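First up is the structure itself, then whatever we jot down about it.
The values are calculated or read from the model by the stated rules, or taken from the named source; none is laboratory data. Because the structure is predicted, anything quoted here is derived from the model rather than measured. Counting neighbours? That spans all protein chains shown, and the Cβs are built from the backbone with ideal geometry, glycine included. These accessible areas exclude ligands, DNA and RNA; they are computed on the full protein's heavy atoms, side chains included. Shrake-Rupley method; radii C 1.70, N 1.55, O 1.52, S 1.80 Å.
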Amino acid sequence: MKKNAFWHWLILAALVFGSISLFVTYGLNYGIDLKGGFSFTLQVDESKLVENMGRELEDAERKAFQEQALEVLQNRINGSGLREAIVYPEPGTLRIVMQIPGVGPEDRASIEGMLEKVAFLAFRTVHKDNQNLTAKAFAAGVAPRGYKLISDTRTSSDGRSYPVYYYIIDPTAKPLDETGSPQASGPELWRFQSVSPRFDFMLQREIENGAIRFYPHYVSVREELTGSGVSGASIGSDQFGRPTVNVRFDSEGSKKFGDITADLAPGGAKNPNPNERRQLAIVLDGTLYSAPNINEAILQGSAEISGGFTFEEAQQLAVVLRAGSLPAPVEILTKSEISPTLGRDSITSGARAMIIGSIAVLIFMIGYYMIAGVVVNLALVMDLLLLPLGMVLAAGFLGIFINTGSPTAVGLPTLTLPGIAGLILTIGMAVDANVLIFERIREEQLSGKRFSSAVSAGFEKVFSTILDANITTLLVAVILFLFGSGAIRGFAVTLTAGILVSMYTALIFTRMVFDLLANKTKLKKVKMLSIVKQGLSFDFVGKRKLAGVLSLLIIIGSGTMFFQKGMDNFAVDMTGGRSLMFNASPAQHPIAEIRELLESLKISEPQISYQKDLATTNQFLEVKVKLDEGVVEDGQQGDSSRVLAALTEKLGEGSFLQEQMVGSQVGQEMRTRGVKAILFALIGIIIYITIRFEFGFALGAIAALVHDVLITVGVFCLLGNQISLPIIAALLTIVGYSVNDTIVVFDRIREDLKLLKDKSYVEVANISINHTLGRTLMTSITTLITVVMLLVFGGGAIHDFALALFIGIIVGTYSSTFIATPVMLIWHARNLKKNA
């Protein structure tokens, strides 16, 4: 260690410098719930679907087309690096709502273009007499609407001059109507200078010497191959360094593409003349991008699309090709800039709570662990410094599992409320690992070892424990990322970053500091307080029946109340609701005033925010309430109707803009994928713990996890709260905490089983639980300090989020001691009987 110490510190310095540089360069991005962003409502063109189907759509077909469009748009957003986007369908329509946080007005145009692009790729042959046909078109001296014909002269390599013709955009052109384009497109362009109904007149864009020019081609209407055979797309460059898009085909597409190019190559079936070069047009959404000459059969299953792209255009095209084509064109119906759903006061109070909580943890650790507490505080500070780098590494690591084949821009993930959940769990894991180390060092010192030996033994004995606990939590994060979406993926990235950073600081940085203390100071022993009496031998397993009855009573009692309340347990963003829009200004009618009015109407948990229309710059008020049938049983108006009447009266006649039904903010797709993520996480935990331990241990861990989630949800709702997207994030945090806590106990049981072979399973389990009790209580206390500060100082959604965490941490501490191990012991009933 002495020889390598210098390099260890040098590597640490480089990592810290790189992490700080990332933070300074990219800054901290907030999600739509903390900062705001853009919201789009997109409508899939039903008339085009009807035209393609040849009949009216049935409800099941409409839903299927909506789901297809939803998946494609979600893939485009994910592939373009827009993090934490929320995409959900509006039930019973072909509309899709998209909320994109952390983007500015300068990004809106490119985002709109990416969303509206159908991405229908087709390979079509160019007329074999294209050169003569285009020459005739030029000779006519006319240009398509919105273009100008340019005649130029160029000089060949041997000094001879020759004429060149092309089109440019006419800057004086005007659209035919208010919504049209100044340039001809679609059928109007395709029929220009028509030579046959079987061929379209198309323009290929080229950038020459910085100027945009268009060259015509007569392209067959027949599609030789479509984008359905494309398996991937990435950015490349041509021989001049200009950006291109490289398309890869699947096995079937490769064969078709090879056959097509073989037929068009000189001497092929469609080109018997060995001296003639035929062209294959690459057309995307009715626009000609390139028309390369086919010199020979292309059998490697790839093609290159060029078209005078900028790098950003090539990147966007690669994204939409990878994501697949939409079932029909989409139209952006509304474009809005959304204000934060968490008020500025909530953000400020939440940040204050985190700061006060962190300071309280630092003071507590110094008071309890003394010099070792200073070390863990340094490790926590190092966690904070390295977290930006951890975020980037985590995003890259998780990106491997959904590799798109193109480079992803480096940057820090967007911070949202689920991301805060991951950060809080990171604090718990960082303290947890260090507490494990310190408690082991304490045991080694009590056995009579000198300080340096106690440090070495302590780190060696906790290595597998820390590794198992963090790998299991990392497994949860990976599975959540794979099967989750939107905010769930954001949580997974933050959680993964916390795991990577906390493992480094606990196993490497803390060891470096202790080695420095052992080798460079006269320190002989580290003193620590103890929250648990030395030699404690409480019969935890013996209380398993009492604990089981207590847990069942809580689950049954809170579960009964939960089912009685039904859908009232869920907030608007989980049940759907109605969105009412009003022309209003926050300066004249603050949110607090609107909320007071709705409370007087006894409206349950309304969501209120101000939005800004990008087109008109007008501001308007949005109020979301739960869905109702319009009239309730007692004959009074339903919630949305009463809100409409009251707000119209308050804001004035003519203030009402629109009323629309909205789906869940999480959306059916997000809820389904979230459930799948949790289920696969449970399966992954069972497999890993079975491999590392055995199946009985896996059952114990799963039982504790399910126990914690059920009780947390039950008690949380019993207290009159509602489940929303932030609460889902809190539940995911509890899952990670429960797994981590339980694995540490199980790892100690596994170790003690090898050392205490003369003891029964029950005796070994009790000894192990007593040994880890101090660590269990310490990590719970330090995490609860932060959560309590959130409860005291946090407001609104942060308060509810902290309350769910508070319940879950207490229940998780209880289950790791009284639930997980007894369930594991039931599986080992034979061993119990044998040793009874």
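A compact table of results
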| read-out | value |
| --- | --- |
| Spacing of the two label points (7 Å from each Cα toward its C-beta) at residue 313 and residue 170, in nm | 2.2 nm |
| Of all accessible heavy-atom area on the stretch 173-274, the percent that carbon and sulfur account for (1.4 Å) | 51 percent |
| Sorted peptide list for 700-708, 590-598, 148-156, criterion being average Cβ within 10 angstrom, highest first | 700-708, 590-598, 148-156 |
| Heavy-atom accessible area order for 217, 127, largest first, 1.4 Å probe | 127, 217 |
| FRET efficiency for residue 206 and residue 270, using Cβ-Cβ distance with R0 set to 35 Å, rounded to 0.05 | 0.85 |
| Highest to lowest packing among 111-121, 158-168, 10-20, 807-817, scored as the average C-beta count within 10 Å | 807-817, 111-121, 10-20, 158-168 |
| Neighbour cut-off at most 16 other Cβ (10 Å), DSSP loop, trypsin sites (Lys or Arg not before Pro), the stretch 239-273 | 270 |
| Proximal charge balance of residue 764 [Cβ under 11 Å; K/R count +1, D/E count -1] | +1 |
| Cβ-derived FRET efficiency at R0 51 Å, residue 649 paired with residue 683, nearest 0.05 | 0.40 |
| Mean separation of Cα contacts under 8 Å, 6 or more apart, over the residue count of the stretch 242-282: relative contact order % | 21 percent |
| Neighbourhood charge, 13 Å Cβ-Cβ cut-off, centred on residue 131 and excluding it, Lys, Arg +1 and Asp, Glu -1 | +2 |
| Global form of the stretch 697-815, assessed from the alpha-carbon gyration tensor, a/c cut-off 1.5 | prolate |
| Across 148/174; 117/174; 449/522; 461/522; 565/602; 449/757, pairs whose alpha-carbon gap is larger than 20 Å | 117/174; 461/522; 449/757 |
| Carbon and sulfur %, accessible surface of the stretch 713-819 computed with the full protein complex present, 1.4 Å | 70 percent |
| Label point distance in nm, residue 777-residue 162, each placed 7 Å from Cα along Cα→Cβ | 9.1 nm |
| 5 angstrom amide H check on residue 145, placed H, neighbours 5+ away | 184 |
| Area of residue 567 that stays accessible when all protein chains are in place (1.4 Å probe, Å², to 10) | 120 Å² |
| Residue 244 long-range amide H proximity, modeled H, under 5 Å | 236, 237, 238 |
| Added length on full extension, which subtracts the Cα-Cα distance from 0.36 nm per residue, residue 149 to residue 533 | 129.0 nm |
| Residue 140/residue 53 FRET efficiency (R0 35 Å; Cβ-Cβ; nearest 0.05) | 0.30 |
| Pair residue 587, residue 826: separation of 7 Å Cα→Cβ label points (nm) | 6.5 nm |
| The stretch 141-239 - percent relative contact order, Cα under 8 Å, separation 6 or more | 19 percent |
| Share of carbon and sulfur in the accessible heavy-atom surface of the stretch 504-543 [1.4 Å probe, %] | 57 percent |
